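No value in this document is a laboratory result; all are computed from the given coordinates. Here the structure is a predicted model, which is why all the values come from computation and not from measurement. With ideal geometry, Cβ positions are generated from the backbone for all residues, glycine too; neighbour counts draw on all protein chains shown.
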Amino acid sequence: MTSQNRNVPGPDQIRRAPKVLLHDHLDGGLRPGTVVELAAAQGYEGLPETEADRLGRWFREAADSGSLERYLETFAHTCAVMQSRDALFRVAAECAEDLAEDGVVYAEVRYAPEQHLTAGLTLEEVVEAVNDGFREGERRAREAGHRIRVGALLTAMRHAARALEIAELANRYRDRGVVGFDIAGAEAGYPPTRHLDAFEYLKRENNHFTIHAGEAFGLPSIWQALQWCGADRLGHGVRIIDDITTTDDGGVTLGRLASYVRDKRVPLEMCPTSNLQTGAAASYAEHPIGLLRKLHFRVTVNTDNRLMSGTSMSREFERLVDTFGYTLDDMQWFTVNAMKSAFIPFDERLAMINDVVKPGYAELKSEWLFRQTAVTSGSSASSG
Ligand SMILES: O=c1[nH]cnc2c1ncn2[C@@H]1O[C@H](CO)[C@@H](O)[C@H]1O
Ligand SMILES: [Zn+2]
């Protein structure tokens, strides 16, 4: 290992590095085998494949459609098998376990309670089943030697009209497993201001929320999310790139909105692989994350939907390391950005950064020293 690349992590270091995940959908992260088993147990006959590997491949290919609307159609199958307390509990527990196994130490996982009512559960029962599942998953992870903390974000669907009700639900379960609120679903035609009452309510309650914006629709969506709705963070936000002009000689000019986003340190929850599938970016190399990181926007790295994108936090970082040559220092920077932007209290975020994230990266960064010592002492005899 040379001194030039010693800081560029390999797959094993990427997996062991402490990672923080702010944007992950519970109904987009099931194990394919779990979808198959739940469908069989519940008599759901709509699955396009009934063998786990084939089903996993089907999700990735169907989601690889170039349009957000088509991508979202695949969630009909996962939501269909997440309608009972037991199913929600299992999916949430496995989610926490899988993230912990991948080296995630803190995660905010979102889902839309209104999509889990068809078998008769109440909104409260849905939230409690998922919370209990997360606690169980944290416990199993601890037993397996991993530490993870998972908070829930309650999502309202932007085409529906239940946002205020879901915002009130999020507020009721605040300090009891729910750390914030979000809106998701098709973006074009459903601007954030459609749900202004929900956001104004949460602001009056001093609560936190993020908004999917600037993914399938451009700057007006981001502008509304921030300046009308008061979002704390942006889900994706990739289209902020439309307000940045670059010239061939390397000059960069930020428009008013892009300046605001950078100046106010608005966290961007970027999900590179998901963006390639929905057509929000053409390739990893062309993904706006490269430029936004260079310009010191508050960028974070996320999975969005591990099942539909066949991804994990480690895989997202592997792609970015391959594409942009990111180092352990870059990985730490993204991770500290994410931890700073989490919705848990400041003292807890700080302790996570100082007592978990930074020591974890320091440990990884020191590994080359010991390897180098072994090589040097072995070759010292011949070199005199
Ligand atoms: O990238 C995305 N953009 C917008 N909506 C999404 C995305 N991923 C998932 N969902 C939507 O959020 C719901 C609750 O988790 C999912 O059912 C899906 O419809
Ligand atoms: Zn999302």
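With springs only between Cα atoms under 10 Å, which of D64, D12, D330 fluctuates most in a Gaussian network model of the chain?
In this elastic network of the chain, the residue with the biggest mean-square fluctuation among D64, D12, D330 is D12.
How far is helix 32-42 tilted, in degrees, relative to the longest principal axis of the Cα atoms in the chain, given as a value from 0 to 90 rounded to the nearest 10?
That works out to roughly 20 degrees.
Please report the antiparallel percentage of the DSSP beta bridges confined to the range 11-346, to the nearest 5.
10 percent
Cβ neighbours within 10 Å, averaged per peptide: list 149-160, 114-125 in order, most packed at the top.
Top of the packing list down: 149-160, 114-125.
What spacing in nm lies between the two simple spin-label points modelled at A285 and T253, each 7 Å away from Cα in the Cβ direction?
For the pair A285/T253, the computed spacing is 2.8 nm.
According to a simple spin-label model (label point 7 Å from Cα along Cα-to-Cβ), what is the distance in nm between R147 and E69?
Using points 7 Å along Cα→Cβ, the separation is 4.8 nm.
Please give the helix 85-101 orientation as an angle from the longest Cα principal axis of the chain, in degrees from 0 to 90, rounded to the nearest 10.
10 degrees
Using the Cα centre of the chain as the reference point, and only Cβ charges (+1 on K/R, -1 on D/E), how large is the resulting charge dipole? Debye, rounded to the nearest 20.
1040 debye
Would you work out the relative contact order for the chain, in percent, from Cα pairs under 8 angstrom that are 6 or more residues apart? Mind showing how you got there, number by number?
Values: 674 pairs, mean separation 75.4, N = 384.
Over the chain, the number comes to 20 percent.
Which log10 I(q)/I(0) values, to two decimals, does the chain give at q = 0.07, 0.11 Å⁻¹ under the Debye formula with one point per Cα?
Cα-only, vacuum Debye calculation for the chain: -0.31, -0.76.
Kindly express, to the nearest 10 degrees and within the range 0 to 90, the angle between helix 313-324's C-alpha long axis and the longest C-alpha principal axis of the chain.
Approximately 50 degrees, to the nearest ten.
Sort the following peptides by mean Cβ neighbour count (other Cβ atoms within 10 Å, averaged over residues), highest first: 364-371, 96-103.
Packing order, densest peptide first, comes out as 96-103, 364-371.
Run the quick spin-label model on A362 and D53: label points 7 Å from Cα toward the beta carbon, then report their separation in nm to one decimal.
Roughly 4.4 nm, to one decimal.
With 14 Å as the cut-off, how large is the P(r) tail for the range 277-322, expressed as percent of Cα-Cα pairs?
Tail of the P(r) past 14 Å holds 56 percent of the pairs.
Grab the chain and count how many Lys pairs have their alpha-carbon atoms under 17 Å apart, sequence gap of 8 or more, or different chains. Working shown, then result.
Working: K19/K340; K19/K358; K19/K365; K264/K294; K264/K340; K340/K358.
Here the count comes out as 6.
Using just the helices of the chain, give the 222 nm mean residue ellipticity in deg cm²/dmol: DSSP H runs with n ≥ 4 each add -39,500 (n - 2.57), and the total is spread over all residues, rounded to 500. Please report the intermediate quantities before stating the final value.
Working: 18 runs with 186 residues, N = 384.
Computed ellipticity for the chain at 222 nm equals -14500 deg cm²/dmol.
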